[in-house]
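What follows draws every value from the coordinates through simple rules; no lab data is involved. What you see is a predicted model, and the numbers here were worked out from it, not measured in a lab. Note that each Cβ is placed from the backbone with ideal geometry, even for glycine, and that neighbours are counted across all protein chains shown.
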Amino acid sequence: MAAKEDLAEELAREIRDAVAGVARPEKAARAPAPDTVELDDIRIPIRRAEGHRTPTIPQAVRFARAKSAVLRMLRFLWRDQASFNALLLEAVNGVVAALERNRAAMEELASWRKATERHDAGQDARIAHLEMLGTRPPAASTATAGPSPQNPPLPESVYALFEERFRGPSTDVLEKQRFYLRYVRNLPGPLFDAGCGRGEFLRLLRDEGIAARGVESSSVSARACRAAGLDVTEGDAIEALAETPPASLGAVVAFQVVEHWPAASTFRFLAEARRAIAPGGIVIVETVNTDSLAAMNAFYLDPTHVRPVPPGALRFLCDAAGFRDLSVEFLSPLPAGSRLEERSDNDARLNAILFGPQDYAVIGRVPVP
Amino acid sequence: MKKPPRVLVAAVQSPFSGGGAERHVRRLTEELVARGIEADLIQIPLIERERFDLVRSALVWRSLDVTEFGGRAVDAVIATRFPSYAVRHPNKVVWIIHQYRQAYDQFGTPWSDFTASTEDRRTRETIEVIDRLGLSEARRVFANSRTVAARLRKYNGIASEPLYHPPPLAGRYRTGPLGDYALSVGRLEGWKRPDLPLRALAHAEMARLVMVGRGPEEGRLKRLARELGVEARVRWIPAADDETLLDLYAGARLVVVAPEGEDLGYVPLEAFLSGKPVLTTEDAGGPLEFVIDGRTGFVVPPRPEALGAALRLAWERDDALVALGRRGLARASELSWDATIGTLLAAAGLEVP
């Protein structure tokens, strides 16, 4: 059976190859990309208009033959109109061609920009790594104690290289975090980003004119943030939060941080956050979605991950720390192509277990007395 | 005992022609009755003599309020073709077979006789208004296929869901050994492009073709077959009764479907239920919702050489054809009137008794 199915696929492939062989060259040259469809909305009516350069009688009309004969006799009447139409068509065709060239140029530029950004981030990490190799050997004591923010399992610069390799490019993170902007407008004070990483969210906030500062334990990332003009200090986020005066912050956010901490640290962090946030302020804690096997699959890919935190547990900790109006949002769905095609309820259930969203966030509020 | 729900099917009548659309609405009514629903069919012809007749026919539908008959309420109306969905009823579900295509996607092609004249322009605008009004007041809009749903969204901005149904002779199709001919079934008219399979024959010397159907292009096609020198390999069957058609499907090697922008098309489903793979074109529309290249058939560019190459390469590959046909059969067997009727009634807030 399996062999037979292969036969069918193989035959279809042969036919595609043979057809490509007889394809007209100009058709093959511009295979339509998915996002050129809107241009087709222009191209199709133009192609149809070409068929009406001079008046014709559609086949579907009654007495088509007689009408065509009359039409031929009268053709001299609209010679001018016909040339006008033809000229206009040529002009529109020219415009469409110009549009296409523009679009191609824009796409090329966009891909260059993306490549350059990636390259820059990679260079920063590599330079830091080289600096470290040149100055001191990696600490040997890390093998004995368990990993913790104070005692990371990898030298910092190696971790920076790791992040550059395995985490998405900065721009992707930026797009993803745009979701949280709706929660952080009109805060009762500045925002505190615990473990701000490469500072993507702080950059978003700066563009929106929202006051914010960050703390980052990686000196490489913290330096990069400061170089970009962001208010970021290097150090331990929990300690920094503990030093903040009570009710002085509008919000505390921690994206992809708590999975790097033991449960006790997470609770201490939440308690300090509760103390530091003014009434009406909010807390947002995002981590890996433990309900999705696809997300869990990559959990220990990051050697600094300590333990997964299930949504129920994180929600409980937030509640215990004194946050109210708690909600859980699931984010970063897998692309449709990586999920099962949903033809039944069973498929949907399997999808939820196997290919659920990769992250979730608990959002809570400090009640106004 | 609770009385069964009363449902009216609203459809367009084409007197003296009895086409596929009419058989379809009759079947829908029968399937409703078979499930214990008190269903009946109301039909009004669509007059197309003068341009404005289209609008007049729509007005006839619009002036009818079918909320009750004989003192008893009608629980729901299922409207089908333009302009039957202009009918008035508070619980109206539309299952649109297709719009008045000449005013939409076929405009500007040889298949539409609408021109740029003021009268034609106004008529097209009015048709848009009728569609918008009749469809947007419906409780739910279903389309016969994804292709039809996409057109509704593109031209009218109306969201609808595709709702498939089994082909007319469902339950009677039979499979048979691979025969020695490719089969083409359908009216011989322009946009169905019956000339494509004929021209493809010129590129596949071993292939034979059976053309079932008649239509305005018949004479021209026969002339074309002579010019191409393929007439010895073509058999013409202007009209086939059900049994003959079932035999023709069961005995075919594969089935060729080459229309441009077809709404749904029963032919691929009929081919699948007869265990035959389908060769179709990239711009075929509805057929592409079932024919998947390399899974249940072949999809090639709409050119004679391409169809010809596919016929030539596939002709001797019995194992592959059988495998494709088997998967097609499995796919088409998923469609059932039970599911279709269930969806329609649920949309109207009714249940199968």
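Numbers below:
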| quantity | calculated |
| --- | --- |
| Efficiency of FRET from Cβ geometry, B:Arg122 and A:Glu10, R₀ 45 Å, rounded to 0.05 | 0.25 |
| Point-charge dipole on Cβ atoms (K/R +1, D/E -1) for the protein assembly as shown, about Cα centre, debye to 20 | 2140 |
| Cα-based shape type of region A:166-365, given that a ≥ b ≥ c are square roots of the gyration tensor eigenvalues and the cut on a/c is 1.5 | prolate |
| Shape category assigned to region A:249-306 from the gyration tensor of Cα positions, a/c cut at 1.5 | prolate |
| Within a Gaussian network of chain B (alpha carbon springs, distance under 10 Å), most fluctuating of B:Arg331, B:Arg199, B:Arg122 | B:Arg122 |
| Region A:269-369: trypsin sites (Lys or Arg not before Pro) in DSSP coil with no more than 12 other Cβ atoms inside 10 Å | A:Arg343 |
| Dipole magnitude (debye, nearest 20) for region A:166-365, charges at Cβ of Lys, Arg, Asp, Glu | 320 |
| Most mobile of B:Glu128, B:Glu31, B:Glu334 in a GNM of chain B (Cα contacts under 10 Å) | B:Glu334 |
| Peptides B:228-236, B:101-109 ordered by average Cβ neighbours within 10 Å, highest first | B:101-109, B:228-236 |
| Selected from B:Gly176, A:Ser111, B:Ile37, residue furthest toward positive end of dipole (the protein assembly as shown; charges at beta carbon) | B:Ile37 |
| Of B:Lys3/B:Lys92; A:Lys176/B:Lys92; B:Lys92/B:Lys154; B:Lys192/B:Lys276; B:Lys154/B:Lys276, pairs whose Cα-Cα distance is over 31 Å | A:Lys176/B:Lys92; B:Lys154/B:Lys276 |
| Residue-averaged 222 nm ellipticity for chain B, from DSSP H runs of 4+ at -39500 (n - 2.57), nearest 500 | -11000 deg cm²/dmol |
| Whole-Å distance, taken between Cα centres, linking region B:290-345 and region B:90-134 | 31 |
| Extended-chain gain in nm, criterion 0.36 nm per residue less alpha-carbon gap, B:Asp242 and B:Val129 | 36.7 nm |
| Cα gyration tensor, region A:221-286 - rounded (a/c under 1.5), prolate or oblate | oblate |
| Length gained when the stretch A:Ala348-A:Ser68 is fully extended (0.36 nm per residue, less Cα-Cα span) | 94.9 nm |
| Amide hydrogen neighbours beyond the local backbone of B:Ile158, cut-off 5 Å, H modeled | B:Arg153 |
| Residue-wise HN-Hα coupling along region A:68-85, computed from phi with Karplus coefficients 6.51, -1.76, 1.60 (Hz; x: Gly, Pro) | 4, 4, 4, 4, 4, 5, 8, 4, 4, 4, 10, 4, 4, 4, 5, 5, 4, 4 |
| Region A:166-365 - share of DSSP beta bridges that are antiparallel (%, nearest 5) | 45 |
| Kirkwood Rh (inverse of mean 1/r, distinct Cα pairs), chain B, angstrom | 21.4 |
| Amide H contacts under 5 Å for B:Arg140, placed H, 5+ residues apart | B:Val94 |
| Long-range amide H partners of B:Gly285 with built H, under 5 Å | B:Gly261, B:Glu262 |
| Distance from region A:250-279 to region A:170-227 (C-alpha centre basis), Å | 16 |
| ³J(HN,Hα) computed for each position of region A:195-212 - Karplus, 6.51 cos²θ - 1.76 cosθ + 1.60, integer Hz, glycine/proline x | x, 7, x, 7, x, 4, 5, 4, 5, 4, 5, 4, 4, 8, x, 9, 5, 7 |
| Loop-located GluC sites (Glu not before Pro) in region A:158-256 whose Cβ has at most 16 other Cβ within 10 Å (DSSP) | A:Glu243 |
| Length released on extending from B:Ser14 to B:Arg226, taking residue separation times 0.36 nm less the Cα-Cα span | 72.9 nm |
| Most to least packed among B:156-164, A:179-187, A:63-71 [average Cβ atoms within 10 Å] | B:156-164, A:179-187, A:63-71 |
| Karplus (6.51, -1.76, 1.60) ³J(HN,Hα), θ = phi - 60°, over region B:176-184, in Hz, Gly and Pro reported as x | x, x, 4, x, 10, 9, 8, 10, 10 |
